[in-house]
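For reference, the structure discussed in these notes is given below.
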């Protein structure tokens, strides 16, 4: 396990985590809403492994984390209204559902909407890993079926976690609190799930 400082991440350790992801490995990383299983966008094998770990039927649970709004625009089609909204709410614990561009593999897009979930995280460790990788990271919440204990402290992760991943990038205790999911694909933006970050004032009733 890498013991990365949660406020001032060591560049050497962030690069180690990034290098592991670049090699096609599955790395547990900290996010705004808890620990997550992460891999490269292009790595079909790693994506399938994450699905097996979580025992997911599909892969549309996965979120693409990018560094900023300009990088987000590479993977999502964003109009002027969406751009202004996004600019006011990034970085942060929000997942934005947006129409995907051709840079996103078809298998990762919503079958009907051809959309993808994207984040611009504020967690400094994840941002450091993204910077070291110089590419987006695909992730899904760290969920192990049949495991009741909370997975919020990497020092206490059971073998059911550590035996199934290649590396844990630990950043101390991190409570698992789902973030807010906002669907921006329609004319009216929709709150799919209220969570960490709450509902933006523009969308509140």
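Select, from 203, 182, the only residue that is surrounded by 11 or more Cβ atoms within 10 Å (Cβ to Cβ) and modelled with pLDDT under 95.
203
Please go through the stretch 23-73 and give me each residue that is touching a strand residue (DSSP E or B) at 6+ places or on another chain (Cβ under 7 Å) and in a helix (DSSP H, G or I), ordered by number.
Matches in the stretch 23-73: 46, 47, 50, 53, 54, 72.
Filtering the stretch 128-143 down to residues that are surrounded by 20 or more Cβ atoms within 10 Å (Cβ to Cβ) and assigned to a loop (DSSP other than H, G, I, E, B), which residue is modelled with the lowest pLDDT?
This residue is 142.
Can you tell me which of 161, 168, 125 is under 28 Å from residue 12 (Cβ atoms), at pLDDT 95 or above and in a helix (DSSP H, G or I)?
Only one candidate qualifies: 125.
Taking only pairs six or more apart or across chains, which ones have beta-carbon atoms under 8 Å, a first residue in the stretch 137-156 that is more than 19 Å from residue 171 (Cα to Cα), and a second residue that is modelled with pLDDT under 95 and surrounded by fewer than 11 Cβ atoms within 10 Å (Cβ to Cβ)?
145/55
Do you know which residues across the stretch 96-126 are surrounded by fewer than 20 Cβ atoms within 10 Å (Cβ to Cβ) and out of contact with any helix residue (DSSP H, G or I) (no Cβ under 9 Å at 6 or more places or on another chain)?
99, 102, 106, 109, 110, 111, 112, 113, 122, 124
Residues that are more than 16 Å from residue 135 (Cα to Cα), at pLDDT below 95 and surrounded by fewer than 17 Cβ atoms within 10 Å (Cβ to Cβ): does the stretch 61-70 have at least one?
Yes, the conditions are met somewhere in the stretch 61-70.
Out of the residues in the stretch 1-22 that are out of contact with any helix residue (DSSP H, G or I) (no Cβ under 7 Å at 6 or more places or on another chain) and assigned to a loop (DSSP other than H, G, I, E, B), state the one that is surrounded by the fewest Cβ atoms within 10 Å (Cβ to Cβ).
8
The values are calculated or read from the model by the stated rules, or taken from the named source; none is laboratory data. Since the structure is predicted, the reported quantities are computational estimates derived from the model, not experimental observations. Neighbour counts run over all protein chains shown; Cβ positions are idealised from the backbone, glycine included.
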